[in-house]
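The values are calculated or read from the model by the stated rules, or taken from the named source; none is laboratory data. Please read all numbers here as calculations on a predicted model, not as lab measurements. Backbone-built Cβ (ideal geometry, glycine too); neighbour counts: all protein chains shown.
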Amino acid sequence: MKAFYEIQARDLTPESLRSAMDSRGYALIRGLLPLDAVSTVLGDVTEVLSSAGWLIDGHDPVERRANPSAACGDPDPRFKKVYQRVFNLESFHALPHHPALRAVMEMLSGDIVLVHPKPIGRLIFPHCERLVTHAHQDYEFMGGDPEFFTVWIPFHDCPVEVGPLQILEGSHRFGIQPHQREGLHVPEIPAGSEIGSGWAGGPVYAGDVLIFHSLTVHAAAPNLSHQLRLSLDCRFQDARRVLHPSNLVFAGESGKSWEKTYAGWRSDKLKYYWKILPLTLKPTKADLIQLAETAETPEARARYFRMVSQID
Ligand SMILES: O=C(O)CCC(=O)C(=O)O
């Protein structure tokens, strides 16, 4: 596997970033985020994990020493309960809005950037093959306009044995690649069938961010350490481009809501921030109302109904 293409944050220019994104479909920016911003999230997340019994007693929670008997992952209800507490953290939502990251995303998406409001937290126990993220393209999951970018941010140093993300260089040039869905909780591109010009990987350190295009194929390395791997991934786009409304609401059956997410926050600054942006939703609210009546299965109709009820 080749080493990541990396740019030091202090050397980054709009031209170097766009050129990497066009030719390789990604760039690893070293040292972009201040360590205190990242370690605040690490502290908050590990406090939740420690109180849930996921970490071994007698160690500082920020060491992330995994309790093997607690190992779980999505869609296990035990995982979802703890994940919900992580998702509700104010610091978890604040990190993607860090001014240093926003300035970089403006280089790619222009001056009216939409930070998608639902970052995804990854709480990856070691030595659990079933929890390793397999090859996929984010566009397959997010819809909307393919001109969006994902940013992967570890909350701690992530040497290769802790299972950082890997990137299939140049894979964004081949359109949507076939994903297998049958029998899988999460669709993936079957191993060996992904198209690109070679996998790239290597350690990613606290403060680094890995940015990639929505069509860039990526996968995680297995976590072969004794520690949990903790990271988030969030998505950014020009706010004037089309957005799928599922990226703004909670379409599943979990009963999640923005009100519940915000319940313990101290500041109002990042609450509902996207509502003042000139967003173009596709499907539109009118389309969703129709789909809530006409979609093929009762589950799909209920899903559209939940989306309609959360969009105003
Ligand atoms: O962190 C992971 O394991 C998966 C991340 C991912 O798939 C993404 O950032 O889109």
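For region 94-117, what are the residues that are assigned to a loop (DSSP other than H, G, I, E, B) and either away from the ligand (no atom under 14 Å from the Cβ) or closer than 20 Å to residue 49 by Cβ (or both)? Passing the criteria: 98, 110, 111, 112, 117.
Scoring residue 25 on the criteria (1) on the phi > 0 side of the Ramachandran plot; (2) in contact with a Leu (Cβ under 6 Å, 6 or more places away or on another chain) leaves a single failure, condition (2). Surrounded by fewer than 20 Cβ atoms within 10 Å (Cβ to Cβ) and either small (Gly, Ala, Ser) or at pLDDT 95 or above (or both): is that true of residue 129 in this structure? When the stated conditions are applied, residue 129 does not pass them. In this entry, residue 87 passes the filter for residues that are more than 21 Å from residue 223 (Cα to Cα) and modelled with pLDDT of 95 or more.
Taken over region 151-183, the criterion of being closer than 17 Å to residue 63 by Cα and surrounded by 19 or more Cβ atoms within 10 Å (Cβ to Cβ) is satisfied by 154, 155, 156, 158, 162, 163, 164. Remark: pairs (first residue in region 281-295, over 14 Å from residue 309 (Cα atoms); second residue part of a helix (DSSP H, G or I); Cβ separation under 6 Å; 6+ apart in sequence or on different chains) = 281/245; 295/301; 295/304.
Listed by first and then second residue, the pairs linking a residue in region 165-183 that is over 24 Å from residue 204 (Cβ atoms) to a residue that is assigned to a strand (DSSP E or B), with Cβ atoms under 8 Å apart and 6 or more places separating them unless they lie on different chains, are 179/136; 179/188; 180/188.
Figure legend. Inter-residue proximity from region 135-150: first residues in a strand (DSSP E or B), second residues within 10 Å of the ligand (Cβ to nearest atom) and small (Gly, Ala, Ser), beta-carbon distance below 9 Å, spacing 6+ or different chains. Indicated pairs: 136/219; 148/214; 149/214; 150/214. If you check 62, 41, 86 for being assigned to a helix (DSSP H, G or I), within 16 Å of the ligand (Cβ to nearest atom) and in contact with a Ser or Thr (Cβ under 8 Å, 6 or more places away or on another chain), only one passes: 41. Can you find a residue in region 187-194 that is of a type in the set (Gly, Ala, Ser) and under 30 Å from residue 34 (Cα atoms)? Checking region 187-194: not a single residue is of a type in the set (Gly, Ala, Ser) and under 30 Å from residue 34 (Cα atoms).
Tell me whether region 171-194 contains one or more residues that are in a loop (DSSP other than H, G, I, E, B), within 14 Å of the ligand (Cβ to nearest atom), at pLDDT 95 or above and of a type in the set (Ser, Thr, Tyr). No, region 171-194 contains no residue that is in a loop (DSSP other than H, G, I, E, B), within 14 Å of the ligand (Cβ to nearest atom), at pLDDT 95 or above and of a type in the set (Ser, Thr, Tyr).
For region 128-141, filtering for residues that are under 28 Å from residue 245 (Cα atoms), hydrophobic (A, V, I, L, M, F, W, C) and more than 9 Å from the ligand (Cβ to nearest atom) leaves 1. Against the list (1) at pLDDT 95 or above; (2) of a type in the set (Phe, Trp, Tyr); (3) touching a helix residue (DSSP H, G or I) at 6+ places or on another chain (Cβ under 6 Å), the condition residue 305 fails is (1). The residues of region 265-275 that are within 22 Å of the chain's Cα centre (by Cα) and exposed (fewer than 14 other Cβ atoms within 10 Å of the Cβ), listed by number, are 269, 272, 275. Residues of region 303-312 that are in contact (Cβ under 8 Å) with a residue 12 or more places away in the chain and in a helix (DSSP H, G or I): 303, 304, 305, 306, 307, 308, 310.
Residues in region 114-160 that are on the phi > 0 side of the Ramachandran plot and in contact with a strand residue (DSSP E or B) (Cβ under 7 Å, 6 or more places away or on another chain): 144 alone. Would you point out the residue of region 227-258, among those that are assigned to a strand (DSSP E or B) and either of a type in the set (Gly, Ala, Ser) or under 17 Å from residue 86 (Cβ atoms) (or both), that is farthest from the ligand (Cβ to nearest atom)? Selected residue: 227.
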